[in-house]
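Report on the structure given below.
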Amino acid sequence: MDIVKISQTYVQKMINNTPGMKVLLLDDFTTLYISAIATQSNLLSKEVFLIDKIENTSRERMKHLKCICFLRPSAKSVQLMIDELRNPNYGSYYLYFSNILSKSQIERMAEADQQETVRELQEFYGDFCAVNSNFYSLNLQSYQIYGDSLNTWNNDTFKRTVEGLRAVLLALKKRPMIRYEKNSALGKRLASEINYQIQQESQLFDFRRYDTPPILLILDRKNDPVTPLLNQWTYQAMVHELIGINNGRVDLSRISDIKPDLKEIVLSADQDIFFKNNMYLNFGDLGVNIKNYVNEFQNRHHNSVNIESINDMKKFVEEYPEFKKLSGNVSKHVTLVSELSRLVSKDSLLEVSELEQNLACVNNSNDLKEVQNLIKRGNITDESKIKLVLLYTIRYGSQNRNEVNALKNLLIQNGISEDRTKIIDQFIRYVELDQRQNEETTAINTIFDKGKNVFKGLKGVENVYTQHTSKVADTIQSLLKGKLRDQLYPYIEGSIRDRPQDIIIFMIGGATYGEARDIAQLNEEIPNVRIILGGTSIHNTQSFLDFVKNAASV
Amino acid sequence: MSNTKTRPKRTFGIKVQENNSKFEEKFINTNNIIHNEVEYNKRNSTLSPNDNNNNNFISFEDSYQNSNFEFYECPICNEEILGLYQLNIHLDTVHTENKSGNVILSLFKKTQKITEEITGTTKTNEKPTQPVIDKSHWQKSTNDDKCSYPECEKPLGIRNGKQNCYCCGKLFCDMHTNFSMRLSESAKPDSNSPFWYKVCQSCYTSREGYNNTEGQRRNLTNAFIEARKNNIEKLCLEENLLILRLEKLAQLKAEINEKKGISINQKALEQSIVQWKEDASSIQCSICRRHHCRLCGKLICSNCIEDIPLFTDIENDKTYSGSTKSCNQCKRIVFRKKVMNAKEKIPSVVKLYEQIKFNQSIIETILPQYNDILLHINSKSSKNYPQDYQNATKYREKLIKNFHQIDLLSKRILKLPTNSKYYRTLQNNIAKGSVIYLQNNMITLKMLPEKNDVTIINEDIENTKRIKEIKDTLDVLNDQYTLLQGYYQDALFRRKFDNVKTLEESIQDVTDEIQKLKTELEEIS
C-alpha cells in the first residue's frame, strides 16, 4: 500500500515499454503527478528527452520521436488529444489516461486517428498526487467544495472527487467496505457514490479476495477543525505550516541573500535520504541530526582534500557526483532549518504553541487571560492572534457565558482590521458550533480529544508542544479496537466484524501533514495493519482559514 | 505433535496436581486472565502486546513466578501449549464458540456475552467449529528456542512468549506472531477459509499480493484499434472518391494549362466533377467570404479553406498540374496516405543518437563478460590466467573505446546547429542523458589488478607491457581530466567556491600525474 511506489511503477510501465527517443506529453494535472514522483535523470535514462504540455499548440513536427501521452481524461485534454491525432507531430503515439475513459471518448479519438499513429491506449489510474508513501492528495485546493449550502457538494468538485478517490482505490487495488461520519452529509453522498461506482465498474474492481475487506473511512474536516489550526513541530508539517510546500517544492526566494540554486528546493522522501529519515521528527531531534549531517559532510570534504595517491584520485572522481549531491543536500537542509528556526523565534511561536496546545487539550481557568495577554503583545503575528481566538471559540464558544465577542474587540483594538476578524463568525458557521451545543455528550461531536493518549502515555515523553493528537489518529485507534460505533460511523452497505488489515482514509475538506505524520507513526507502531491517508487537499493554517472563508460564503 | 514422556503434562478437567488448593488458586488466576483477555481482545487487540498488554502480562508473571514453566494440553484439540497464558490465548482465538462443556470455556463464554451486551457488539454469525489444521511441519519446542523472525532472535519463553506460526510452523515471540490470517486445513493462506489463525510477520507480509506495487490497469488498445478499423474502412471509401475527384481536377487543370488563352468555363467543368451546394443552402456566417470546396462541393468559410496541390496521379509528385481550393477536412482525407507514407529526411541528431545506441548495445554485451572475468581473476579461481588476463584487457580496451565514442557523439549532438528550440532541448537532453550513462557505467568500471609476475619473461616484453600500462592509465587519467574540468566549470558556474578549490587541486594532481607518465613513456620508448 505504498502509493508513491505504485505511482512510480505506473510511470516506469509507461516509459519502459517503448524503447527509442521519446517525448512525454502531459496536461496540467498529470504534470503535477509526474513531477512529484519522477526525476529528470530517471526519465533521461529511459530516453525521454522531451517533456511538453499537450496544451502547447506551437509544438513542432518531430516525426522521428515516439510520443508517450499521459493525460487526465478531462473534456479539454481529450479534445486536445483529438486535435493532436488529426495532425500528428510525432511518429507514433502511446496513450495513457489517468482515469476511466468513456466509450464516446475512445470512439472520438479512434476517429481522429486517421493516420493510424496510435500504438497503444491504456488506463493507468494515477489521478491523484502521491505525497508520502502513505499520504495522497487530490490537489483540489482551488475548488469550491460546497454547493448551495454546507450540506451539499458543488457538482463539479463532487464529480472530480469521486473520480479521484475511485482512482486511488484502483491504484491500490482495493474494493473496500465504506464508512462515513453520520453528521456529514457530504461524507454520506460521497460514500454512496463511491459504492455505486464500484458496482458500476465491477470488472475493474475485481481483485483477489482479501482475508477481510479493506475499509474506506470518509471523514469530514469540520469534525476536526482544531488540528489544522495548531503550530506544527515535525519537519515536513512545520515546513508546510511556516513556509508552504507546493507539490513537493518549497519556495525560499523570500530569504534575503539566498543562493540562486536554493531559491526553490525539492523535498522528496524518495530521493533525499536525510529528509526521509527526518520528515516526521520533531524540531529538537531534527536540530541534532542536522548537526551530525553537517559534520559528516565536513569529514568527507576533509578527506577529499587530502588526495595523495592516484588511487585516492580515482576514488575521489568516482565519489565526486555523490559528494556534490551531498553538498547540495546539506546546504539545502541547513538553509531550510535555519529559516524555520528564525521564524520560530521571530514570531514567539513556542509561546503561542504552548497556549494553543493547552486550549486544544485541557480546560484551564487561565486560558482567557493568557489569550488576552498574547493578543496585546507586539512580537506575535496577527495570524497567531486570530488562531488563538479561534481555538478559544471552539473550546468555550458553545458555553453560555463566553468572551468571544470581547476577544474579537480586543483583536480590533490591537490593530487587526474588522474585516479580518470576520473569520471568527465564519469559523463558527463552518464548524456548526450552535448544533454541537446540545450534543456534546456524543463522541462524534466533541471536537477535542480528552487529552488521553495511549501512545504518549506509555512512552512517557510528554512534550508540551505536541500534546494534541489529531482526531483521525484517535478514530483509527478506536476502529482497530472495534470501538468505532456503527451509529456514529455507519457503513454505506453491509458491515464487518473482523479487525481491518488495510484502511484508506479520505478527508473531505483537506488533510494536514501533521495528520500524515500521525498516520505514519501508527503504521510504524502497529505492523499488522496498513493505513493510508488522503484528502481533497493538504492544509496549513493559512489555506485552512481561506477554505473556511470560502465555505462560509455559500 | 509428539508427546515427550519426560515433559510434565496436564489435561484440563482432570486433576493432575496433588495439591488441590494450589490448583484452585491457579484456576482463579486463570479466570482473571481470561477476563483480562476478553477485555484485551475486545479493545486492545490492535496493539502489540509490548504496548498494551504489559499490565496483564506482568500480573500473570508475578503470580506464576514460583511455578514451573510447563506444557499443557488443550482439552479440545489436544494441542500442546507452553504455559497457561498461551493456553488461554489459544482457547480464546481458536475455540471461541466451541460447545464443549468445559468449565473454563463456559465461564469464558459467559464473560464474553456480558461484555458483548455492554459494548453492544453481539456477534451475529456463529463461527463454525475450528477444524483440525495441519501441524506436521511445526518446529519442535526445546528449552533454548529463539524467535525465527530475521534479526529478532529473542529467547523464547515466558517473557517474550513462544508460539508456532500456524502457517510456516516456526517458533516466534509474541510480538512477531501478533498477526492473523485465514488458513486452509493444509495451513496455506486461503482467503476463502472461515478460520483465522495466528501467524508470524513474515508469513503475513509475504502472502501473495500483499506487497503489490502494481496499480490496476486497463488495456483498451484492442477496443481502440477495432473502432479505428471500422472508421478507416468508411474513410477509405471517401478517400478513394476524393482522390478520384482530385485526379480529375488535376487533369482538368492540365488541359486548361495546355489550352492557354482559350476561354473555358472552368467553373462549369469543376461542377461536373462534384455538385456544388447552392449558395443559399447555408446561412451560417454571412460576414466572411465563403468558398466551395472543390472536392466535396460544400460551402466553406475562408478560415477553413486551403489551397491544395493537384496531381493527375496522386502517388506521383511529378504529375503536379496546379492548385485548387479545398476544405481542410477533405485535404486531410485525400492526402492521408501521402502524408503517412512520406519519407522524411532523417535529422542528424537521430542518426548520431542511433550510433550512441549502437555503442551502448556493445557495452551492454561486453560489460557483464568483463566483470565476470575480473571476478575470476580477482578471486584467483581463473583456470587459464594469461588467457583470461589478455581477454580482460581486450574487453577493457573495447569498453573504454565505446565509452569514448559515446562521449564524442554526445558532444557532437550538443554542437549540432539548429534553429528550433525543440531540437535544441532534445540535443541538450541527449547529451545530459549520455553523461548520466557514462557516470553510471564508465566511472564504476573496475580497474584490472596488477598482472602476475610469473608471466614476465624478459625485459623487452616488460617494456612493451609497461608502455601499454602507461597508455591505459593515461587514457583513464585523460577521461578523469575531462570529467573534472566539467565539474569545475559547473562548480564555477554555480559559485560553489569550496568545491572549486577542491577541484582545482584535483585537476592539478591529475595534470601532474599525466605529465609524469608522459615523461616515463618517452624515456622507455
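Results, tabulated for the structure shown:
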| item | result |
| --- | --- |
| Residue match in segment B:295-310 (condition: over 54 Å from the mean Cα position of the chain (by Cα) and in contact (Cβ under 8 Å) with a residue 40 or more places away in the chain) | no |
| From A:R395, A:R342, A:R401, A:R420, residue being in a helix (DSSP H, G or I) and out of contact with any helix residue (DSSP H, G or I) (no Cβ under 9 Å at 6 or more places or on another chain) | A:R342 |
| Where B:S379 falls short, out of the listed (1) open to solvent by less than 30 Å² (accessible area, probe 1.4 Å); (2) of a type in the set (S, T, Y); (3) without any contact (Cβ under 8 Å) to a residue 12 or more places away in the chain | (1) |
| Those residues of segment B:157-166 which are in a loop (DSSP other than H, G, I, E, B) and at pLDDT below 90, in sequence order | B:I158, B:R159, B:N160, B:K162 |
| Looking only at segment A:7-27, and only at residues there that are open to solvent by less than 10 Å² (accessible area, probe 1.4 Å) and not in a strand (DSSP E or B), the one that is farthest from the other protein chains (Cβ to nearest Cβ) | A:D27 |
| Filter pass, A:I215 being within 14 Å of chain B (Cβ to nearest Cβ) and either closer than 28 Å to A:E432 by Cα or buried (at least 24 other Cβ atoms within 10 Å of the Cβ) (or both) | yes |
| Pairs where the first residue, in segment A:482-498, is within 14 Å of A:E181 (Cα to Cα) and the second is among the hydrophobic types (A, V, I, L, M, F, W, C), C-beta under 7 Å, 6+ apart | A:L488/A:A443; A:L488/A:I444; A:Y491/A:M177; A:Y491/A:I178; A:I492/A:I178; A:I492/A:A191 |
| Single unsatisfied condition, A:A38 versus (1) more than 12 Å from every other protein chain (Cβ to nearest Cβ); (2) at pLDDT 95 or above; (3) open to solvent by 10 Å² or more (accessible area, probe 1.4 Å) | (2) |
| Members of segment A:251-273 that are more than 14 Å from the chain's Cα centre (by Cα) and surrounded by 18 or more Cβ atoms within 10 Å (Cβ to Cβ) | A:I265, A:D270, A:D272 |
| Search result, residues across segment A:491-522 that are surrounded by fewer than 19 Cβ atoms within 10 Å (Cβ to Cβ) and either among the polar types (S, T, N, Q) or away from chain B (no Cβ under 14 Å) (or both) | A:E493, A:S495, A:Q521 |
| Segment A:200-212: number of residues that are under 11 Å from A:I100 (Cβ atoms), open to solvent by 100 Å² or more (accessible area, probe 1.4 Å) and within 8 Å of chain B (Cβ to nearest Cβ) | 0 |
| Residues that are touching a residue at least 12 places away in the same chain (Cβ under 8 Å) and either charged (D, E, K, R) or open to solvent by less than 20 Å² (accessible area, probe 1.4 Å) (or both), drawn from segment B:475-506 | B:D475, B:L477, B:D479, B:Q480, B:L484, B:Y487, B:A491, B:N499, B:V500, B:L503, B:E504, B:S506 |
| Candidates B:K234, B:K267, B:K198, filtered to the one that is exposed (fewer than 14 other Cβ atoms within 10 Å of the Cβ), within 14 Å of another protein chain (Cβ to nearest Cβ) and outside any loop (DSSP other than H, G, I, E, B) | B:K234 |
| Residue match in segment A:256-270 (condition: at positive phi and either within 14 Å of chain B (Cβ to nearest Cβ) or outside any loop (DSSP other than H, G, I, E, B) (or both)) | yes |
| Given (1) open to solvent by 20 Å² or more (accessible area, probe 1.4 Å); (2) free of Cβ contacts under 8 Å to residues at least 40 places away in the same chain; (3) in a loop (DSSP other than H, G, I, E, B), index of the condition B:E185 fails | (2) |
| Tally, over segment B:507-524, of residues that are open to solvent by less than 40 Å² (accessible area, probe 1.4 Å) and facing another protein chain (nearest Cβ under 10 Å) | 2 |
| Which numbered condition B:K248 misses (of (1) among the basic types (K, R); (2) in a helix (DSSP H, G or I); (3) within 14 Å of chain A (Cβ to nearest Cβ); (4) open to solvent by 50 Å² or more (accessible area, probe 1.4 Å)) | (3) |
| Residue within segment A:73-80 that is touching a residue at least 12 places away in the same chain (Cβ under 8 Å), hydrophobic (A, V, I, L, M, F, W, C) and touching a strand residue (DSSP E or B) at 6+ places or on another chain (Cβ under 7 Å) present | no |
| Candidate set from segment B:285-304 (those that are surrounded by 11 or more Cβ atoms within 10 Å (Cβ to Cβ) and among the charged types (D, E, K, R)); member that is modelled with the highest pLDDT | B:R294 |
| Breaking point among (1) more than 12 Å from chain B (Cβ to nearest Cβ); (2) in a loop (DSSP other than H, G, I, E, B), for A:I100 | (1) |
| All positions within segment A:505-518 that are within 23 Å of B:T205 (Cα to Cα) and touching a helix residue (DSSP H, G or I) at 6+ places or on another chain (Cβ under 7 Å) | A:I505, A:R517, A:D518 |
| Matching option when the condition is among the basic types (K, R), under 22 Å from B:K471 (Cβ atoms) and open to solvent by 20 Å² or more (accessible area, probe 1.4 Å), among B:K401, B:K357 | B:K401 |
| Filter result for the condition that a residue is in a helix (DSSP H, G or I) and within 10 Å of chain A (Cβ to nearest Cβ), over B:N222, B:N212 | B:N222 |
| Near pairs, Cβ below 8 angstrom, 6+ apart or cross-chain, from segment A:146-168 (within 20 Å of B:G215 (Cα to Cα)) to any residue that is open to solvent by 10 Å² or more (accessible area, probe 1.4 Å) and outside any loop (DSSP other than H, G, I, E, B) | A:T161/A:W153; A:V162/A:E193; A:V162/A:Q197; A:R166/A:Q197 |
| Filter pass, B:I333 being aliphatic (A, V, I, L, M), more than 39 Å from the chain's Cα centre (by Cα) and not in a helix (DSSP H, G or I) | no |
| Out of A:L138, A:L169, A:L186, A:L165, sole residue that is out of contact with any Gly (no Cβ under 9 Å at 6 or more places or on another chain) and open to solvent by less than 10 Å² (accessible area, probe 1.4 Å) | A:L169 |
| Count - residues of segment B:218-276 that are within 18 Å of B:S323 (Cα to Cα) and of a type in the set (S, T, Y) | 1 |
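Yes/no per residue for (1) among the basic types (K, R); (2) crowded, with 21+ Cβ neighbours inside 10 Å; (3) within 14 Å of chain A (Cβ to nearest Cβ):
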| position | (1), (2), (3) |
| --- | --- |
| B:E306 | no, no, yes |
| B:L310 | no, yes, no |
| B:S321 | no, no, no |
| B:S326 | no, yes, no |
| B:Q329 | no, no, yes |
| B:R332 | yes, no, yes |
| B:R336 | yes, no, yes |
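The values are calculated or read from the model by the stated rules, or taken from the named source; none is laboratory data. All of these numbers come straight from a predicted model, not from anything done at the bench. Glycine also receives a Cβ, built like all others from the backbone with ideal geometry; neighbour counts cover every protein chain displayed. For the accessible areas, the whole protein counts, side chains as well, though only heavy atoms, and no ligand, DNA or RNA atoms are used. Shrake-Rupley method; radii C 1.70, N 1.55, O 1.52, S 1.80 Å.
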